[in-house]
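Let me begin by presenting the structure, written as C-alpha cells, before commenting on it.
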Amino acid sequence: EATGERAREAEARAGERIGALADAARESVSAHESRLGDFEKRLEARFTASSDALAKALEAHASEMAEKLAEATGVAREAAELLRGGGAEMSAVAEMFSEAVDRQREAAAEWLERLGDMEAAVDAAGRGAAAQSLTSHLESAEELFTRQLRFQRELFDELQRVRAGLPPSPDAAGAETDARA
C-alpha cells in the first residue's frame, strides 16, 4: 500500500509538472505570436514607407524629365521657325536636326518603356536592388537627354549664325559627330 501511495504521489507530481510545462509552452507560443505580429506590422510599415518614397522619387524624376523634354521641344520649335525662313542652303542642317529630334523622340520612348520594366523590377527584385538599378538607368537617361539638348542648342546657334549671314563656326562639323555618338 505504501508503494501504491508513492506511485500515486509521483504520478500527481508528474501531472503537475506536465501541466506547468504545458502552461509555460502556451505562454511562450502566445508571446511569440505577439512578437511575430508586431514584427509583421513594423515590416509592413517599412515596406509602405519605402514604396511611398520610391513612388515620390519616380514622380519627381518624371516631372524633371517632362520639363527637360518641354525645353527641348521649345528649342526644336524655334529651330523649325528658323528653318522655314532659311531656304535651300539650310536643308542639310534641317536634315541633321530632324535626325536629332527623331533620336531624342526614340530615346524618350525607350525611356518610358524601360520605366515600365523598372516598375516590374521593383516588384520582382525588391526595393533596394530596384532602386539602385533605377538610379543607374535614370542617370543614363539624364546623360542622354543632356547630350541631346546640348546638340540641339549648338544646332540652334548654328542656325542663327546661318540666318545672320555668318559663316558656320569651326565646331559645326564636330557637333554632327557628337550628336550621333
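The simple spin-label model puts a point 7 Å past each Cα toward its Cβ; for VAL29 and SER133 those points are separated by 4.1 nm.
As a calculated quantity, the FRET efficiency between GLU78 and ARG105 at R0 = 25 Å, using C-beta atoms, amounts to about 0.90. Here the gap between ARG17 and LYS56, fully extended at 0.36 nm per residue and compared with their Cα-Cα distance, gives a gain of 8.2 nm. Placing a pseudo-label 7 Å from each Cα along the Cα-to-Cβ vector at GLU143 and GLU44 gives an inter-label distance of 4.2 nm. Taking 0.36 nm per residue of sequence separation and removing the Cα-Cα distance, the ARG150/LEU112 pair yields an extension gain of 11.6 nm.
Bear in mind these aren't lab numbers, they're just calculated from the coordinates by the rules spelled out. Just so we're clear, the structure is a prediction, and the values are computed from it rather than from any experiment. Backbone-built Cβ (ideal geometry, glycine too); neighbour counts: all protein chains shown.
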